[in-house]
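This report refers to the structure that appears directly beneath it.
FYI, it's all coordinate maths here, none of it is from the lab. From a predicted model like this one, the values you see are computed outputs, not experimental measurements. With ideal geometry, Cβ positions are generated from the backbone for all residues, glycine too; neighbour counts draw on all protein chains shown.
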Amino acid sequence: MTTGAPAGFRPQPIGGRKLDVLIAQPAEMSSSKRPSKLFRNLNAKVASIPMILTALVVFVGGTAWTVLYSFTNSKLLPRLNFVGLDQYHRLWSTSRWLVSIENLLIYGAISLVFSLVIGFLLAALLDQKIRFEDTFRTIFLYPFALSFIVTGLVWQWLLNPDFGVQRVVRDLGWTSFSFDPLYNSSLVIYGISIAALWQGTGLVMCLMLAGLRGIDEDIWKAARVDGIPMWKTYLFIVIPMMRPVFITTLVIIAAGIVKVYDLVVAQTSGGPGIASEVPAKYVYDYMFFAQNLGQGFAASTMMLLSVVIVIVPWAYLEFGGKKRG
Amino acid sequence: MADGASLSTGAEALKRNAAGPSGSKPRHMLSRRNIFLYGTLIVVALYYLLPLYVMIVTSLKGMPEIRLGNIFSPPVEITFEPWVKAWATACTGLNCDGLSRGFWNSVRITVPSVILSIAIASVNGYALANWRFKGADTFFIILIVGAFIPYQVMIYPIVIILREIGIYGTLTGLVIVHSIFGMPILTLLFRNYFTSMPEELFRAARVDGAGFWGIYLRIMLPMSLPIFVVAIILQVTGIWNDFLFGVVYTRPDTYPMTVQLNNIVNSVQGVKEYNVNMAATILTGLVPLIVYFVSGKLFVRGIAAGAVKG
C-alpha cells in the first residue's frame, strides 16, 4: 500500500512501536532537507504524465505547429518553406472558403437564436409543474443522443423532394407546393439548420430548465403578489437572473457551431455544388484530399481565430471579473 | 382558557379570510391554460418523434411501397429484409458485408477508448484534487482551454505523431486519439467530484499509511461509482457517435460504424435503397439510444457536464 508514497508525506507513527519509528525517522529527516524537489509527490506526477503530454504536446504543440505551418507552402507533405501570408490571401480569395464562412454565419445565427428561444420556451413550458414532465423531457432530448451522421441522414430522407415532405403535401392536392431545401443552393444551409435544431435544442432546454429550477420560488410569489403578468416576470426578472446560464449555453452553442462538419457531410456532402460547404469541411478536404496542406492549415488557423474571438471575451467576463471582485 | 384559545384561532381564521383564499388555486384539467400548455407540448413532442417514426416505418417497407406511398404512412406489408441487408450485405466500396463490420469496429474502438480515457482522466482528476503538485493547475488550465480548440487545428500534428509511432490507421491510434480528446471534460468532471469529497477521508487514509494508488483504488474508486457511470455514458455516446476522428485516423477496413453508414447511404453508385439506408441509420443510432433510454437522469447529468465538449 505504501509503496512509493512520497517520503515527505509519510505520517508519523503514533505510539511507540520501535521499528516503525526507526523506519519513519530517516524519511522525516530527508524530507526536511528536501534533497530533490522533483521526486516529491512522485506518484501524482507520474500519474499526470498523460495529462501533461496532452496539454503540452497535443494542445499547445499541435496548435503552434499548425499555426506555424500555415505560413508555409506545404503541399503533399509539411515543409518549412515560408511564404508569409500567401496562404491566407489565397484562402480569402477562394470562393469556396467565402461560401463556407457565409454559411457558417447563417447557420450560426440560426442555431444561436432559435435554439436559445425554442430551448427556453420548452424549458419554461416544462417548468409549469406539468404532468409527464419526464416523458416530455425524454422526447425533446433523445435526438441529442444521436450522432450528427444519423441526424443528417434522417433529415436528408425527410427533405427528399421525391419522397419526403414535399411529395406528401403535393399528394394532398397542393401540387405546386415546393419544399426542397437540400436541392436549392440558396436554401440548403437552412435545411441543414433544421436538422441541427432538431438535434440540439433538447440540450439547450435541459440547461435552461436547470437554470429555471435554480430561481428562488419566492421571486415568483413576489411577482404574483405584485400582479405582474407571467410573461413580464420571465422577460424582466427571470431571464436577467439567468444571465450566467445564458452565457454558458451561448458559449457551448458557439463552440459547437464552429465545429459543424459531420452534419453537412451526411446531409448534403457540401452540395449542391459548393452551396453548403463549411469551414471544417474545407480544412478536411484540403488536408486529406486536395493535398494542399498549407491551405488546410491556414483555414484551420482561421477557425481557431474565430473560437478565440468568442472565448476570450467570455473568459474575461467569467474569470477576469472574479479576480477584480 | 379554552375560550381564549378558540377566540384566538377564530381571529386567525378571520385574518386568513380577509387575505383571500389560501392554498393553490384548484385547477381543472381542461382549463384554457392546460389545453394550451399540453397542446403545445404534445405538438412539439410529435415533431421531435416524427423523424424516428419515419425512420422505423421506412425501414420496414419494401422499395415498391416506398416509391408509391407516403413516407408517413405505416407499412402495408412489414418486411425485415432491409434490416438483414443493412446488417449483413450492404456494400461500401468493395466490401459487401454490411454494417456488421462497422458495428464490430465501433465496439472494438469504443470499449478500450472508454476504459482508457476514464482511467487516465480519473487518475488525473484525483491527482489534481488531492495530490496537487507545483504546475499541476497550469496543465489543467491548458487542458480545459484546449477543449475549445477546434479539432481541425490539431488533426494533422496528431497524424504525424501517430505515423512516427507507427500506429497511424490502426484502431490503437484511434483509441489514443479518443483518450486525448476525452481528457479535458472527463478530468474536469472527476476533479470536481473528488474535490467535493470530504477532506478528512483522505487525511485519515494518509494517517493509516495509504499511498497514492492505495487511496485511489480503495477509497476514491469505490466511493465515486456514480460519477464513473456518468463518465461512461458520456464517453460511450460520444465515441460511438464520432465521425471526424474515425474518418481521419482509420482505414476503410477499420472504419467505425458512423463512417461506414455514411459511405453506404451517400454512395453514388447503384440504385438507392431507402429502406436499407434507414435500417442502417437506426442500427447505428441504436447503441446511443439504448444508453440514453436506460440511463435517464444520469445522461442529463453527463451532458450538463459534457456539454463543454460541444
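Key figures for this structure:
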| read-out | value |
| --- | --- |
| Kirkwood-Stokes translational diffusion coefficient of segment B:75-217, alpha-carbon pairs, 20 °C, 1.002 mPa s, µm²/s | 115 |
| Sites A:Val113 and A:Arg170, calculated FRET efficiency, Cβ-Cβ separation with R0 30 Å, nearest 0.05 | 0.45 |
| Distant-in-sequence amide H partners of B:Thr92 (H built 1.01 Å from N, under 5 Å) | B:Asp97, B:Gly98 |
| Chain B: C-alpha gyration tensor shape, a/c 1.5 cut-off, then a/b vs b/c | oblate |
| Estimated FRET transfer efficiency (A:Asn184, B:Leu68; beta-carbon r; R0 30 Å; 0.05) | 0.70 |
| Point-to-point label distance, A:Arg213-B:Ile165, nm (Cα→Cβ direction, 7 Å offset) | 3.9 |
| For A:181-194, mean number of other protein chain Cβ atoms within 10 Å | 0 |
| Compactness of segment A:102-144, expressed as Rg and Dmax over alpha-carbon positions, Å | 13.3, 43 |
| For segment B:253-305 versus segment B:106-173, the gap between their alpha-carbon centres in whole angstrom | 25 |
| Number of partner chain Cβ atoms within 10 Å, mean per residue of A:210-221 | 0 |
| Percent breakdown of C-alpha pair distances by 5 Å bin, ordered from the shortest bin, for segment A:88-324 | 1, 6, 11, 14, 14, 14, 13, 10, 7, 5, 3, 1, 0, 0 |
| Paramagnetic label zone (point 7 Å from Cα along Cα-to-C-beta, A:Leu317; backbone N under 20 Å) in segment A:243-273 | A:243-259 |
| Between 0 and 90°, nearest 10: helix A:279-288 axis offset from chain A longest Cα axis | 70 |
| Projected area averaged over orientations for segment A:219-325, convex hull of C-alpha atoms, nm² | 10.9 |
| Partner chain coverage, peptide B:236-243 - average Cβ within 10 angstrom | 4 |
| Positive-end residue of B:Asn130, A:Val60, B:Thr92, charge dipole of the protein assembly as shown with Cβ unit charges | B:Asn130 |
| Relative contact order computed over chain A (Cα-Cα under 8 Å; 6+ residues apart), in percent | 24 |
| Over chain B, relative contact order from alpha-carbon pairs under 8 Å, at least 6 apart, % | 27 |
| Segment A:140-288 - percent relative contact order, Cα under 8 Å, separation 6 or more | 32 |
| Cβ-derived FRET efficiency at R0 60 Å, A:Val46 paired with B:Thr40, nearest 0.05 | 0.60 |
| Within-12-Å neighbourhood charge of B:Gly125 [Cβ basis; K, R +1; D, E -1] | +2 |
| Nonlocal amide H pairs with B:Gly169, under 5 Å, H built at 1.01 Å | none |
| For segment A:105-182 and segment B:212-240, distance of Cα centres in Å | 35 |
| Rg(Cα) / (2.2 N^0.38 Å) computed for the protein assembly as shown, rounded to two decimals | 1.13 |
| Span-rule helices in chain B, defined as complete DSSP H runs reaching 18 Å or more along the axis (Cα) with Kyte mean at least 1.0 | B:32-59, B:151-165, B:171-196, B:225-240, B:274-295 |
| ³J(HN,Hα), Karplus 6.51/-1.76/1.60, whole Hz, each residue of segment B:215-221, x for Gly, Pro | 5, 4, 6, 9, 10, 5, 4 |
| Net charge contributed by nearby residues that have their C-beta within less than 14 Å of A:Asp86 (K/R +1, D/E -1) | +3 |
| B:Ile115-B:Ile141 pseudo-label distance in nm [points 7 Å out on the Cα-to-Cβ vector] | 3.7 |
| 0 to 90° range, to nearest 10: angle between helix A:18-33 axis and chain A longest Cα axis | 70 |
